[in-house]
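Below you'll find the structure, written out as structure tokens, and then a few comments.
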Amino acid sequence: MRRFVADKATRLIKRHSTCSPCLVSHSRLHSHPPLSHPTLPFSSFPQSSISSSLSFFISALHPFSSANFNSMSSNYSTTPVTLQTINPKVLKCEYAVRGEIVTLAQKLEQELKQNPDSHPFDEILYCNIGNPQSLGQQPITFFREVLALCDHPPILDRSETQGLFSADAIERAFQILDQIPGRATGAYSHSQGIKRLRDTIAAGIEARDGYPADPNDIFLTDGASPAVHMMMQLLIRSEEDGILCPIPQYPLYSASIALHGGTLVPYYLDEATGWGLEISELKNQLETAKSKGLCVRALVVINPGNPTGQVLAEDNQRKIVEFCKNEGLVLLADEVYQENIYVPDKQFHSFKKISRSMGYGEKDISLVSFQSVSKGYYGECGKRGGYMEVTGFSPEIREQIYKVASVNLCSNISGQILASLVMNPPKVGDESFESYNAEKDGILSSLARRAKTLEDAFNNLEGVTCNRAEGAMYLFPRIELPQKAIKAAEAVKTAPDAFYARRLLNATGVVVVPGSGFGQVPGTWHFRCTILPQEDKIPAIASHLTEFHKKFMDEFRD
């Protein structure tokens with residue numbers, strides 16, 4: 001998208017450079033050459049003044065429209081905080097999942113509420129973000145029973161409670177409350193999280209992997225995102241520090257690398273092989289980065305993949321572990337979709353299990369694994385629960401990680417409880433087991449059917465190819481856009497896939513995220529679509545997409 005707004009960005013740079021010493025200072029800060037790559041999709045690398053100001057211009061487009069930008073800026077021109085005086089790292093940071101398309105969708109949604117006949121659709125279907133419960137997925141009953149009892153302990157003393165809550169939920173609530181300071185979910189906890197809850201999570205990891213887990217390695221966080229930020233804060237010292245990151249990637253990684261002042265070093269997943277991760281590509285990108293003077297600190301792997309939905313094979317994971325060990329890289333394993341596997345020929349294996357099965361222990365490889373209560377079959381996004389398991393770091397470094405965690409005091413207690421429940425759900429013989437298992441299987445089997453329905457619908461569209469969703473919550477179809485459509489996008493200074501997504505939204509109410517927000521091989525165009533709308537809505541979504549796409553291709557046919 002940057003190349004389409006370059007001219008306007010340059011004009012903005014000229015307009016502000018004469019009155020903004022901070023902007024001039026920033027350009028001097030980033031004066032050495034950027035990391036180059038012949039197929040680089042976006043420049044999240046050591047920045048020149050042009051590319052830094054370009055990020056400023058793109059960020060400025062959201063949430064305000066370009067038409068309102070100048071007038072709003074002038075209204076606040078005398079305030080002490082302006083776009084030229086804030087941290088330039090914030091300007092470089094972008095997050096497409098909640099970007100311009102979503103802002104437009106929210107506006108259309110308000111218009112529909114005020115006038116239901118204002119658009120050719122009667123609702124907005126948010127297929128842009130992995131937010132299951134917002135689209136109708138019901139929470140797991142056992143989890144919510146335990147949370148309710150923990151949040152209001154006096155319920156436990158009432159006679160009618162036995163008839164309203166399952167016996168194992170009541171028992172679990174008593175156990176958890178005994179572990180919480182003051183038996184109150186509104187209290188602070190240890191900065192790593194409540195010790196007995198970490199014991200429970202460590203036992204769950206051990207049961208999953210077949211290898212020991214230490215509760216002292218567990219840091220409970222408000223979802224996985226703060227854990228990622230914590231590790232970026234620890235690893236990144238300057239823009240000379242690089243983080244190997246997949247392309248396409250979840251924008252949390254590019255955003256956090258930018259915010260902490262590092263350099264994203266891209267490695268490309270191979271779409272032709274089902275978004276495969278090739279070790280040769282990792283080696284090539286590592287050597288390229290080193291030749292530019294970068295010190296690459298870590299490798300990010302998202303498994304199952306977001307936005308691409310692939311599940312890594314065990315042999316591939318072994319090669320990745322070996323690569324990190326040989327190159328001295330920290331392995332940052334995003335495993336938040338570990339429960340979301342939809343195909344019989346693939347299984348989830350944690351990178352910790354893989355590394356231990358290879359005989360590597362604490363002193364052989366530095367590994368951080370991220371998990372969240374927001375995904376899986378639970379979908380508890382708003383409860384903000386998650387953790388990272390940190391292994392292969394010296395006691396001195398562990399002390400520094402704990403210090404960073406302590407700055408935030410602790411993660412929320414409800415999220416901590418949920419994380420422990422996710423890793424220790426009802427077992428065979430528990431009163432809640434059958435209902436829990438039916439809810440879990442019902443959600444996961446429905447997601448698999450939804451994924452297949454949408455995958456087939458995409459593959460039946462002219463010029464669209466879509467790899468199967470082996471896991472996670474998304475499809476990432478590739479779309480061959482006519483040159484007329486590409487030129488029309490250029491005329492309105494937007495990326496072609498963003499142009500397509502905006503037209504789709506305006507015609508159907510379906511919200512998807514342009515592939516340019518995740519990164520892609522230049523000259524290719526994609527969009528990410530979740531599989532989360534309720535199953536009875538999926539046929540209508542497929543129908544809307546099919547009808548729109550046909551009209552779009554006819555309108556712009558070369």
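The values are calculated or read from the model by the stated rules, or taken from the named source; none is laboratory data. Small disclaimer: the values here were computed from a predicted structure and weren't measured. Neighbour counts run over all protein chains shown; Cβ positions are idealised from the backbone, glycine included. For accessibility, only protein heavy atoms count, side chains too; no ligands or nucleic acids. Shrake-Rupley method; radii C 1.70, N 1.55, O 1.52, S 1.80 Å.
For region 256-295, what Kirkwood radius comes out of the mean inverse Cα-Cα distance, in Å? Provide the component values of the computation, followed by the final result.
Details: mean 1/r = 0.0880 Å⁻¹.
About 11.4 Å for region 256-295.
If I ignore ligands, DNA and RNA and count only protein heavy atoms, how much of D558 is accessible to a 1.4 Å probe, in Å² to the nearest 10?
120
For the chain, what is the calculated [θ] at 222 nm in deg cm²/dmol (nearest 500), taking -39500 (n - 2.57) for each run of four or more DSSP H residues and dividing by its residue count? Each step should come with its number before you reach the end.
Numbers: 21 runs with 251 residues, N = 558.
It comes out at -14000 deg cm²/dmol, rounded to the nearest 500.
Using only the alpha carbons, work out the radius of gyration and Dmax of region 222-293 in angstrom.
13.0, 38
Tell me, what is a quarter of the convex hull surface for the C-alpha atoms of region 307-433, in nm² with one decimal?
On the way: hull surface 40.7 nm².
Spelled out: convex hull of the Cα atoms, projected over all directions, averaged, 10.2 nm².
Give the dimensionless ratio obtained when the Cα radius of gyration of region 78-221 is divided by 2.2 N^0.38 Å. Present the calculation step by step, with values, prior to reporting the outcome.
Working: Rg = 23.0 Å, N = 144, 2.2 N^0.38 = 14.5 Å.
That works out to 1.58 for region 78-221.
Would you mind computing Rg(Cα) / (2.2 N^0.38 Å) for region 106-150, counting N as its residues? It would help to have the intermediate numbers written out before the result.
Details: Rg = 16.0 Å, N = 45, 2.2 N^0.38 = 9.3 Å.
Here the Cα radius of gyration is 1.71 times the empirical estimate.
Could you state the number of Å between the C-alpha centres of region 420-440 and region 236-298?
Their Cα centres are 39 Å away from one another.
How many nm is it between the label spots at Y188 and S238, if each spot is 7 Å from the Cα in line with the beta carbon?
3.5
Out of every Cα-Cα pair in region 347-493, what percent are more than 24 Å apart?
Values: 6339 of 10731 pairs.
Here the long-distance tail beyond 24 Å is 59 percent of all Cα pairs in region 347-493.
Beyond 14 Å, what share of the Cα-Cα pairs of region 341-411 is found? Please give it as a whole percent.
Tail of P(r) above 14 Å: 72 percent of Cα pairs.
In 5 Å bins starting at zero, report the fraction of Cα pairs in region 413-556 per bin as a rounded %.
Final binned percentages: 2, 9, 16, 19, 15, 10, 8, 7, 6, 4, 2, 1, 0.
Run the accessible area of the chain with a 1.4 Å probe and give the carbon-and-sulfur part as a rounded percent. Spell out each step's value before the answer.
On the way: 12280 of 23390 Å².
Taking all protein chains in place, the chain shows 52 percent carbon and sulfur surface.
Of F370, F351, G392, which is farthest towards the positive pole of region 338-442's charge dipole, taken about the Cα centre with +1 and -1 on the beta-carbons of Lys, Arg and Asp, Glu respectively?
Most positive-ward Cα: G392.
Looking only at Cα atoms, what is the convex hull volume of region 382-438 per residue, in Å³? Intermediate results must be reported in sequence, preceding the final value.
Values: hull volume 6.8 nm³, N = 57.
Taking only Cα atoms, region 382-438 has a hull volume of 120 Å³ per residue.
With +1 on each Lys and Arg Cβ and -1 on each Asp and Glu Cβ, and nothing else charged, work out how big the dipole of the chain is about its Cα centre, in Debye to the nearest 20.
Charge dipole of the chain: 2000 debye, to the nearest 20.
Over the chain, how many percent of alpha carbon pairs lie in each 20 Å bin up to the one with the longest distance?
20, 53, 26, 1
Specify the inter-centroid distance of region 101-125 and region 194-218, based on alpha-carbon positions, in whole Å.
About 46 Å separates the Cα centre of region 101-125 from the one of region 194-218.
What whole-number value in cubic angstrom gives the convex hull volume per residue for the C-alpha atoms of region 146-262? Don't skip to the end; give the middle numbers.
Numbers: hull volume 18.8 nm³, N = 117.
Dividing the Cα hull volume of region 146-262 by its residue count gives 161 Å³.
So which lysines pass the test for K283, namely a Cα distance under 21 Å, with those fewer than 8 places away in the same chain ruled out?
Cα-Cα hits under 21 Å: K292, K319, K325.
In 5 Å bins starting at zero, report the fraction of Cα pairs in region 320-380 per bin as a rounded %.
With 5 Å bins starting at 0, P(r) equals 4, 17, 24, 20, 15, 12, 7, 1.
Give the accessible surface of region 226-326 per residue, rounded to a whole number of Å², with probe radius 1.4 Å and ligands, DNA and RNA excluded. Don't skip to the end; give the middle numbers.
Details: 3050 Å² over 101 residues.
Spelled out: the 1.4 Å probe surface of region 226-326, per residue, equals 30 Å².
Loop-only check: which trypsin sites (Lys or Arg not before Pro) in region 115-185 are DSSP coil with at most 11 other Cβ within 10 angstrom?
Hits after loop and neighbour filter: R158.
Please report, in whole Å³, the volume per residue of the convex hull around the C-alpha atoms of region 474-547. Each step should come with its number before you reach the end.
Values: hull volume 6.6 nm³, N = 74.
Value for region 474-547: 90 Å³ per residue.
So, by mean Cβ neighbours within 10 angstrom, what's the order for 419-427, 540-548 with the highest one leading? Could you put the intermediate results ahead of the total?
Values: 419-427: 22.0, 540-548: 17.1.
Peptide ranking by packing, descending: 419-427, 540-548.
Nearest-5 percent of antiparallel DSSP beta bridges in the chain? Intermediate values should be presented prior to the final figure.
Values: 19 of 40 bridges.
Percent antiparallel among DSSP bridges in the chain is about 50.
So how exposed is E490, as accessible area in Å² (1.4 Å probe, rounded to 10)?
Answer for E490: close to 80 Å² accessible.
For region 495-558, which trypsin sites (Lys or Arg not before Pro) pass both filters: DSSP loop (anything but H, G, I, E, B) and at most 13 other C-beta atoms within 10 Å? Spell out each step's value before the answer.
On the way: sites: R502, R503, R528, K537, K550, K551, R557; in loops: R557.
Passing sites in region 495-558 are R557.
For region 294-334, compute Rh as the Kirkwood radius over C-alpha pairs and then the Stokes-Einstein diffusion coefficient at 25 °C and 0.890 mPa s; write the answer in µm²/s, rounded to an integer. Provide the component values of the computation, followed by the final result.
Working: Rh = 10.9 Å.
Rounded to a whole number, D works out at 226 µm²/s.
Rounded to the nearest 0.05, what FRET efficiency do Q106 and R557 give with R0 = 35 Å and r taken as the Cβ-Cβ distance? Could you check? Walk me through the numbers on the way to the answer.
Details: r = 32 Å, r/R0 = 0.92.
Rounded to the nearest 0.05, the efficiency is 0.60.
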